[in-house]
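Q: Once you've had a glance at the structure underneath, I'll fire off some questions.
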Amino acid sequence: MSKEPIAVVGVGQTKHTAARRDVSIAGLVREAAVRALEDAQLTWADIDAVVIGKAPDFFEGVMMPELYLADALGAVGKPMLRVHTAGSVGGSTALVAANLVAARVHRTVLTLAFEKQSESNAMWGLSLPIPFQQPLLAGAGGFFAPHVRAYMRRTGAPPTIGSLVAYKDRRNALRNPYAHLHEQDLTLEKVQSSPMLWDPIRYSETCPSSDGACAMVLTDRAGAARAPAPPAWVHGGAMRSEPTLFAGKDFVSPLAGKDCAADVYRQAGITDPRREIDAVEMYVPFSWYEPMWLENLGFAAEGEGWKLTESGVTEIDGDLPVNPSGGVLSTNPIGASGMIRFAEAALQVRGQAGEHQVEGARKALGHAYGGGSQFFSMWLVAAEPPVG
């Protein structure tokens, strides 16, 4: 029996910001869920199951928050699943929901991811004490900076590439009303003169800490036929993982990322991603990861990713727009960051991305990664339903 086609018929986000002190976690997630339901013109009664995800519970200090969020998400008496795959969790949560529809377990599923970083300190939460880690780094940036330096050595990329990515994404964020950072007076010179945090990563080349949530309504072919607006159709989705450390691990271009992308492209019938994909929402928490992931995902040959960035290919009006929403560099509620990438890809092919809409976008890739470059989740969505 073939899989049931999966359609994204509703998308909802909160206005992402440094601190949403006006709402509890329950209020935050309900806000995104209500907006997704309104977009789909559905009610809580139309939802068969809820799939929720977030980053580690110790970020907020609320253990298993899904248990107390069931009421806020209309999940009382309904199946509710929790997903956790570190920073990639927003993407993998959407994929778990999609698989429930594809397998015809449920017809219409609400999926949601969130983080309330103002009630935590993720940087120090990710800085493990001795003897679990050497006292050499602080936060995720300290972990990833050596991998960026390895990329620079391997490819000969000039040190200005990171600032070009950050300047592009922050300018894109000005087009997105939901983005956290709206830096009206930002210039390339300001990015390049911002303080060095983890050499070669500067302050303006890093993601913010955000409070926010993102939700989507996924449904089957019959549900899509009743949708008030054209849906985004899922043509391929996959997850892959690998250990944090093992002999021969390539931190610059992890094998799990390559395998995950290859699986998605195979499912979607993509043979030339550079030419066939119209927009990419890529998980870039530190600016240098744009050229690194361009190579890992098959958009550029090894050592060539930085050249696409430098030549303007990844600008919103370029050949291959990357993060037209402003990306993780502009909005980072960690648990939701991956789902925002998936949701923004869906908005692009639905033609509903507003001022950051990529003209003529028919196929878009949503990408998320997490942990020590070890967890990957991706999906490819299109304006047309899959064939077969």
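Q: Give me the residue from region 287-335 that is within 18 Å of Phe375 (Cα to Cα) and among the charged types (D, E, K, R) and, out of that set, least open to solvent (accessible area, probe 1.4 Å). Steps first, please.
A: First, pick out the residues of region 287-335 that are within 18 Å of Phe375 (Cα to Cα): 289-290, 292-298, 328, 332-335.
Now restrict to residues that are among the charged types (D, E, K, R): 290, 295.
Working: Glu290: 0, Glu295: 28 Å².
My answer is Glu290.
Q: Answer yes if at least one residue in region 19-28 is assigned to a helix (DSSP H, G or I), aliphatic (A, V, I, L, M), within 16 Å of Gly335 (Cβ to Cβ) and touching a residue at least 60 places away in the same chain (Cβ under 8 Å), and no otherwise. So that I can check it myself, show each step before the final result.
A: Taking region 19-28 and keeping what is assigned to a helix (DSSP H, G or I), we get 25-28.
Keeping just the survivors that are aliphatic (A, V, I, L, M) gives 25-26, 28.
So of that shortlist, the ones also within 16 Å of Gly335 (Cβ to Cβ) come out as 25-26, 28.
Among the residues that remain, those that are also touching a residue at least 60 places away in the same chain (Cβ under 8 Å) are: 25, 28.
Yes, because at least one residue in region 19-28 is assigned to a helix (DSSP H, G or I), aliphatic (A, V, I, L, M), within 16 Å of Gly335 (Cβ to Cβ) and touching a residue at least 60 places away in the same chain (Cβ under 8 Å).
Q: So, one more: How many residues does region 304-316 hold that are within 21 Å of the chain's Cα centre (by Cα) and not hydrophobic (A, V, I, L, M, F, W, C)?
A: 4
Q: Another question, if that's okay. Only one residue in Val284, Val280 is closer than 20 Å to Val358 by Cα, touching a Cys at 6+ places or on another chain (Cβ under 9 Å) and of a type outside the set (Phe, Trp, Tyr), so which one is that? Step through it out loud before you land on a result.
A: Working: Val280 fails: touching a Cys at 6+ places or on another chain (Cβ under 9 Å).
Selected residue: Val284, the only one of Val284, Val280 that is closer than 20 Å to Val358 by Cα, touching a Cys at 6+ places or on another chain (Cβ under 9 Å) and of a type outside the set (Phe, Trp, Tyr).
Q: Moving to a separate point now. Please pick out the residue among Gly91, Gly77 that is surrounded by fewer than 16 Cβ atoms within 10 Å (Cβ to Cβ) and either out of contact with any Cys (no Cβ under 7 Å at 6 or more places or on another chain) or not in a loop (DSSP other than H, G, I, E, B) (or both). Please lay out each step first, then the result.
A: On the way: Gly91 fails: surrounded by fewer than 16 Cβ atoms within 10 Å (Cβ to Cβ).
Result: Gly77 is the single residue among Gly91, Gly77 that is surrounded by fewer than 16 Cβ atoms within 10 Å (Cβ to Cβ) and either out of contact with any Cys (no Cβ under 7 Å at 6 or more places or on another chain) or not in a loop (DSSP other than H, G, I, E, B) (or both).
Q: All but one of (1) out of contact with any strand residue (DSSP E or B) (no Cβ under 9 Å at 6 or more places or on another chain); (2) open to solvent by less than 20 Å² (accessible area, probe 1.4 Å) hold for Ala268; which doesn't?
A: (1)
Q: Starting from region 137-155, keep only residues that are under 12 Å from Ser373 (Cα atoms) and of a type in the set (Phe, Trp, Tyr), then list their pairs with residues that are open to solvent by 10 Å² or more (accessible area, probe 1.4 Å) and at pLDDT below 90 whose Cβ atoms are within a distance under 6 Å, requiring at least 6 positions of separation or different chains.
A: Close Cβ pairs (under 6 Å, with a partner that is open to solvent by 10 Å² or more (accessible area, probe 1.4 Å) and at pLDDT below 90) amount to Phe143/Leu137.
Q: Then there is this: Mind listing just one residue for me: the one in region 14-40 that is open to solvent by 40 Å² or more (accessible area, probe 1.4 Å) and hydroxyl-bearing (Ser, Thr, Tyr) and, of those, farthest from the chain's Cα centre (by Cα)? Steps first, answer last, please.
A: Step one: list which residues in region 14-40 are open to solvent by 40 Å² or more (accessible area, probe 1.4 Å), which gives 15, 17-18, 21-22, 24, 30-31, 34-35, 38-39.
Subsequent filtering for residues that are hydroxyl-bearing (Ser, Thr, Tyr) retains 17, 24.
Numbers: Thr17: 17, Ser24: 23 Å.
Ranking the qualifying residues of region 14-40, first place goes to Ser24.
Q: Could you list, in sequence order, all residues of region 357-378 that are of a type outside the set (Ser, Thr, Tyr), touching a helix residue (DSSP H, G or I) at 6+ places or on another chain (Cβ under 8 Å) and closer than 21 Å to Asp169 by Cα? Before you say what the answer is, go through the steps one by one.
A: Let us first name the residues in region 357-378 that are of a type outside the set (Ser, Thr, Tyr), namely 357-368, 370-372, 374-376, 378.
Right, trim to touching a helix residue (DSSP H, G or I) at 6+ places or on another chain (Cβ under 8 Å) and you get 357-358, 361-368, 370, 372, 374-376, 378.
If the condition is that a residue be of a type outside the set (Ser, Thr, Tyr), touching a helix residue (DSSP H, G or I) at 6+ places or on another chain (Cβ under 8 Å) and closer than 21 Å to Asp169 by Cα, then Gln357, Val358, Ala361, Lys363, Ala364, Leu365, Gly366, His367, Ala368, Gly370, Met378 are the ones that fit.
Q: Filter region 201-227 down to residues that are closer than 14 Å to Ala98 by Cα and open to solvent by 30 Å² or more (accessible area, probe 1.4 Å), then give me how many there are. Walk me through it before giving the result.
A: If we filter region 201-227 for residues that are closer than 14 Å to Ala98 by Cα, which is where we start, we get 215-221, 223-224.
Filter once more, keeping what is open to solvent by 30 Å² or more (accessible area, probe 1.4 Å): 221.
Within region 201-227, residues that are closer than 14 Å to Ala98 by Cα and open to solvent by 30 Å² or more (accessible area, probe 1.4 Å) number 1.
Q: Do we find that Val11 is more than 22 Å from Leu365 (Cα to Cα) and crowded, with 20+ Cβ neighbours inside 10 Å in this structure? Can you show your working first?
A: Values: more than 22 Å from Leu365 (Cα to Cα): no; crowded, with 20+ Cβ neighbours inside 10 Å: yes.
Taking the combined requirement at face value, the residue does not satisfy it.
Q: Does Gly338 count as surrounded by 24 or more Cβ atoms within 10 Å (Cβ to Cβ), touching a Gly at 6+ places or on another chain (Cβ under 7 Å) and part of a strand (DSSP E or B)? Reasoning before the result, please.
A: Values: surrounded by 24 or more Cβ atoms within 10 Å (Cβ to Cβ): yes; touching a Gly at 6+ places or on another chain (Cβ under 7 Å): yes; part of a strand (DSSP E or B): no.
Taking the combined requirement at face value, the residue does not satisfy it.
Q: Given the conditions (1) within 22 Å of the chain's Cα centre (by Cα); (2) buried (at least 16 other Cβ atoms within 10 Å of the Cβ), and given that Ile47 satisfies all but one, which numbered condition is not satisfied?
A: Just one mismatch for Ile47, condition (1).
Q: Inspect region 53-61 for any residue being aliphatic (A, V, I, L, M), at pLDDT below 95 and over 22 Å from the mean Cα position of the chain (by Cα) and give the result as yes or no. Let's see the steps before the verdict.
A: Initial filter on region 53-61 (aliphatic (A, V, I, L, M)): 55.
Next, from what is left, pick out any that are at pLDDT below 95: 55.
Remaining after also requiring over 22 Å from the mean Cα position of the chain (by Cα): none.
Within region 53-61, none of the residues are aliphatic (A, V, I, L, M), at pLDDT below 95 and over 22 Å from the mean Cα position of the chain (by Cα).
Q: Does region 233-255 include one or more residues that are at pLDDT below 95, touching a Gly at 6+ places or on another chain (Cβ under 7 Å), open to solvent by 40 Å² or more (accessible area, probe 1.4 Å) and not hydrophobic (A, V, I, L, M, F, W, C)?
A: Yes - at least one qualifying residue is present in region 233-255.
Q: Working only within region 374-387, note down all residues that are within 14 Å of the chain's Cα centre (by Cα) and either within 20 Å of Val252 (Cα to Cα) or not in a strand (DSSP E or B) (or both).
A: Phe375, Phe376, Ser377, Met378, listed by residue number.
Q: Please indicate, with yes or no, whether at least one residue in region 320-329 is touching a residue at least 24 places away in the same chain (Cβ under 8 Å), out of contact with any Leu (no Cβ under 8 Å at 6 or more places or on another chain) and not in a loop (DSSP other than H, G, I, E, B).
A: no
The values are calculated or read from the model by the stated rules, or taken from the named source; none is laboratory data. All of these numbers come straight from a predicted model, not from anything done at the bench. Every residue, glycine among them, receives a Cβ derived from its backbone with ideal geometry; neighbour counts consider all protein chains shown. Protein only, heavy atoms only, side chains kept; ligands, DNA and RNA dropped before computing areas. Shrake-Rupley method; radii C 1.70, N 1.55, O 1.52, S 1.80 Å.
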